[in-house]
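The values are calculated or read from the model by the stated rules, or taken from the named source; none is laboratory data. Just so we're clear, the structure is a prediction, and the values are computed from it rather than from any experiment. Cβ placement follows ideal geometry from the backbone for every residue including glycine, while neighbour counts extend to all protein chains displayed. These area figures cover heavy atoms from the full protein model, side chains too; ligands, DNA and RNA do not enter into them. Shrake-Rupley method; radii C 1.70, N 1.55, O 1.52, S 1.80 Å.
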Amino acid sequence: MSSTHWTAAEMPALDGRTVIVTGANSGVGFGTAAAFARAGAHTVLAVRDLDRGTEAARRVGGSNEVRRLDLADLSSVRAFADAWDGPIAILVNNAGVAMVPESRTADGFEMQFGTNHLGHFALTNLLLPHITDRVVTLSSGLHRSGTIDFDDLDFGKRGYNPVKAYARAKLANLLFTLELERRLRRTGSEIRSMAAHPGYAATELGTRDRNKYLVGIVHLAGRILAQTPEQAARTTLFAATQDLPGASYVGPDGRGELHGYPALVGRSAGASDVRTAERLWDVSEELTGVSFGLG
C-alpha cells in the first residue's frame with residue numbers, strides 16, 4: 001500500500017472537460033459530482049430518478065446537467081448512449097445496489113450483477129468512442145469474498161444470497177476494469193481503466209427494504225464510524241485525476257481500508273485472474289449484446 005494525504009482540494013482544474021457520474025444524486029456519487037463541479041468540470045449526473053437528480057444538481061452547483069439512466073434496464077442504457085454527443089473526459093461507474101432481496105433487472109438478470117456489472121459494462125462500451133481520458137469503476141473490499149460461477153451467475157441453482165451476490169458483482173467490477181485496460185492497451189488507446197473503492201461511507205446503500213430497526217443501527221454506526229460521502233469520494237477522485245498506471249485500484253489507507261486517504265491497494269487473486277476476466281468479458285458481451293467499444 002502506498003499512502004498519501006491527498007484531498008480533493010489538490011485536484012487539477014477541469015475547466016471545459018465533461019465528466020459523467022452514475023448514481024450522482026446521493027451518497028458517494030453526490031460527493032464525487034460536487035468535487036468535479038468545484039474543479040470546473042461540466043458534470044453530468046446520470047440518475048434513475050430525475051426529480052432527485054435535479055435537486056442534487058442544484059446543490060452540486062457549477063456547470064452541470066441531469067440525464068436519466070437506469071442501469072437495471074439495458075434499453076435505458078442504450079437510450080442514454082444514443083443521445084450522447086461530444087467528448088467525455090471521465091466516466092465514473094459509481095451507481096449500484098447492495099445486498100437487496102432477490103429480484104431481477106428489466107432484462108431478467110440477477111439485480112446486483114445486472115445493475116452493478118452488466119449495466120456499467122454496456123454503458124462503458126457504448127460510450128467508449130466518446131471517452132478521452134479514463135474510466136473509473138467502483139468496487140468494494142467485499143470483492144475478496146466473491147466468486148464467479150459461470151454455470152450459475154444468477155444464483156438460480158444454489159439459491160440466492162444477497163451478500164454473496166453483492167461480492168460477486170464487486171468482483172466482476174474489478175475483472176471488468178482489468179480486461180478493459182488490456183483491450184485498451186491492445187488497441188493503442190490512451191484511455192485508462194481504473195478502479196476504486198470508498199471504504200466505509202455513511203450512505204443509504206444496502207438499506208433498501210431492510211428492517212427499520214436494523215437500518216437505524218446502521219445509520220447510528222455510520223454517524224460514529226463512517227466517512228462522510230465527501231471523504232469517501234476521495235478515492236474515486238484520486239483514481240480519476242492522478243497519473244496512475246492503468247488498472248490501478250485505489251482505496252482508503254486506514255485500517256481495514258475502511259477510511260483514510262487515497263492509496264493504491266491490493267486486490268484478491270480472483271480479481272487478478274486474467275483468464276477469468278477475459279471469459280467474463282465474453283459472457284457479458286453475450287448477455288448484453290454490447291461489444292468492445294473500440295473494436
- Inter-part distance where the stretch 252-277 and the stretch 67-124 are each reduced to a Cα centre, Å: 23 Å
- Task: Sort the following peptides by mean Cβ neighbour count (other Cβ atoms within 10 Å, averaged over residues), highest first: 58-69, 6-17, 252-263.
- Result: 252-263, 58-69, 6-17
- Which distance in nm do the two modelled labels at Asp82 and Gln242 give, with both placed 7 Å along the Cα-to-Cβ direction? 4.1 nm
- Roughly speaking, to the nearest percent, how much of the stretch 14-288's 1.4 Å accessible area is carbon and sulfur? 50 percent
- Query: Considering the chain as a Gaussian network with a 10 Å cut-off on Cα pairs, which listed residue, Leu138, Leu175, Leu280, attains the greatest mean-square fluctuation?
  - Reply: Leu280
- Task: With springs connecting C-alpha atoms under 10 Å apart, model the chain as a Gaussian network and identify which of Ser248, Ser103, Ser284 has the largest mean-square fluctuation.
- Result: Ser103
- Message: Looking only at the chain, where both bridge partners belong to it, what percent of the DSSP beta bridges are antiparallel (to the nearest 5)?
- Response: 15 percent
- Query: Rounded to the nearest whole Å², what accessible area per residue is found for the stretch 14-288 with the 1.4 Å probe?
  - Reply: 41 Å²
- Residue (of Ala79, Leu91, Ile131) at the positive-pole extreme of the stretch 64-180, dipole from beta-carbon charges: Leu91
- Item | Asn161/Glu10 FRET efficiency (R0 35 Å; Cβ-Cβ; nearest 0.05) | 0.30
- Dipole magnitude of the chain about its Cα centre, charges +1 at Lys/Arg Cβ and -1 at Asp/Glu Cβ only, in debye to the nearest 20? 600 debye
- Task: For every other residue with a beta carbon closer than 10 angstrom to the beta carbon of Gly266, add +1 if it is Lys or Arg and -1 if Asp or Glu, then tell me the sum.
- Result: +1
- Task: Please identify the helices of the chain, taking whole runs of DSSP H, that span at least 24 Å along their own axis as judged from the Cα atoms and have a mean Kyte-Doolittle score of 1.0 or higher.
- Result: none
- Item | Cα-based Kirkwood hydrodynamic radius, the stretch 22-146, one decimal, Å | 14.9 Å
- Task: State the three equivalent ellipsoid semi-axes of the chain, derived from the C-alpha gyration tensor as the square roots of 5 times its eigenvalues, in descending order and whole Å.
- Result: 24, 23, 20
- On full extension of the chain, what length is gained from Asp282 through Arg38, given 0.36 nm per residue of separation minus the C-alpha to C-alpha distance? 84.0 nm
- Message: So for each of 70-77, 108-115, 157-164 I average, over its residues, the number of other beta carbons within 10 Å; can you give me the resulting order with the highest mean first?
- Response: 108-115, 70-77, 157-164
- Among 41-54, 231-244, how do they line up from the highest to the lowest mean number of other beta-carbon atoms within 10 Å? 231-244, 41-54
